[in-house]
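Presented below is the structure to which this report refers.
The values are calculated or read from the model by the stated rules, or taken from the named source; none is laboratory data. Because the structure is a prediction, the values reported are computed rather than measured. When we count neighbours, we look across all protein chains shown, and the Cβ atoms used for this are built from the backbone with ideal geometry, even at glycine.
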Amino acid sequence: GSHMRKQQRMVVVRAEGGGGINPEIRKNEDKVVDSVVVTELSKNITPYCRCWRSGTFPLCDGSCVKHNKANGDNVGPLLLKKQ
């Protein structure tokens, strides 16, 4: 018998301007890396920026909403949740 195959949706991450995805954050570093000790999380949910537009990088300040509207993108934050 023939069985239906699940359609896989390709997720394409777009970066405006064609250059790098990071427009201006800490460009003098070889690689931008941030570490957080999980026991130090003060809130139940801590959102981390993944669009590189946040003014409070590495924390999300909601800049992705504006970026998504302007560029038809779908990027959102990484949410760290306290158990």
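Within the range 59-72, the set of residues being modelled with pLDDT under 95 and loosely packed, with under 10 Cβ neighbours inside 10 Å comprises just one member, Gly72. Across the range 59-70, the number of residues qualifying as out of contact with any Pro (no Cβ under 8 Å at 6 or more places or on another chain) and within 14 Å of Pro23 (Cα to Cα) comes to 2. Restricting the range 35-58 to residues that are among the charged types (D, E, K, R) and within 17 Å of Pro23 (Cβ to Cβ) leaves a set whose member that is surrounded by the most Cβ atoms within 10 Å (Cβ to Cβ) is Arg53. Could you tell me which residue of the range 31-42 is modelled with the highest pLDDT, considering only residues that are in contact with a strand residue (DSSP E or B) (Cβ under 9 Å, 6 or more places away or on another chain) and assigned to a loop (DSSP other than H, G, I, E, B)? Ranking the candidates gives Asp34 first.
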